Amino acid sequence: MDDERDGVIGIWRVDWSGRFMGYVLAAGPAAAALSFWVGALSHPDVHSVESAGIATAVALGFALFAWWTLLRVRLELTGDTIVMVNPWGTQRLPWSRVSAVSLGNWGAQFHTTDGFIYTAYALSDLAAGTRQDERYADLQRIIDAKARSGHPL
């Protein structure tokens with residue numbers, strides 16, 4: 001993580017178990033919808049096509065939910081900005097506004113000079129079901145290196 005590629009210092013996503021659950025949430029209903037469509041093709045009638053359409057809508061809903069809450073969530077550090085993509089929105093925070101960083105139950109918390117706290121859900125305990133201490137330690141090493149290099153924290 002010491003080298004900087006395209007201005008990105010580090011990227012964290014939901015841990016592998018959370019991403020796996022997201023793929024299962026998307027793939028399970030999609031397989032069921034495919035099964036309904038195979039049935040509709042082998043016995044074409046209004047009821048079969050209607051059932052396949054409903055199953056497809058449910059599969060799309062589950063896939064969108066999985067993508068939105070688990071698969072797109074990330075924390076991205078660049079040379080001058082922190083980008084937090086959470087299920088409820090994306091925040092871009094300049095390093096110059098950050099006064100402290102801590103680890104809370106909902107993820108890495110970036111405390112700003114004006115008293116606000118921004119949380120990166122990608123480093124939360126709940127995002128993976130496991131403690132994120134090691135991942136937070138990687139983040140803290142980058143923050144410490146940035147502070148040692150004379151850049152504002």
Query - Relative frequency of Cα-Cα separations exceeding 23 Å in the stretch 39-148, percent - result: 43 percent
Requested in this report: Apply the membrane-span-like helix rule to the chain: whole DSSP H runs, Cα extent along the own long axis of at least 18 Å, mean Kyte-Doolittle hydropathy at least 0.5. List the helices found.
Outcome: 16-42, 46-66
Report task. Would you please give the FRET efficiency between Ile142 and His47, computed as 1/(1 + (r/R0)^6) with r the Cβ-Cβ distance and R0 = 41 Å, to the nearest 0.05? Result -> 0.10
Requested in this report: Calculate for the chain the 222 nm mean residue ellipticity that helices alone would give, adding -39,500 (n - 2.57) per DSSP H run of length 4 or more and normalising by residue count, nearest 500 deg cm²/dmol.
Outcome: -15000 deg cm²/dmol
Query raised in the report: Per residue, what accessible area does the chain have, given a 1.4 Å probe and all protein chains present, in Å²?
Result: 58 Å²
Query raised in the report: Tell me, in nm to one decimal, what length is gained between Asp114 and Ile54 on full extension, where the rule is 0.36 nm per residue of separation less the Cα-Cα distance?
Result: 16.7 nm
Requested in this report: Please give the length that would be gained between Ser99 and Val24 if that part of the chain were fully extended, namely 0.36 nm times their separation in residues minus their C-alpha to C-alpha distance (nm, one decimal).
Outcome: 23.1 nm
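The values are calculated or read from the model by the stated rules, or taken from the named source; none is laboratory data. Note that the structure is predicted; figures quoted are calculated from it, not measured. Ideal geometry is used to build each Cβ from the backbone, glycine not excepted, and the neighbour counts take in all protein chains shown. Accessible surface areas use protein heavy atoms only, side chains included; no ligands, DNA or RNA. Shrake-Rupley method; radii C 1.70, N 1.55, O 1.52, S 1.80 Å.
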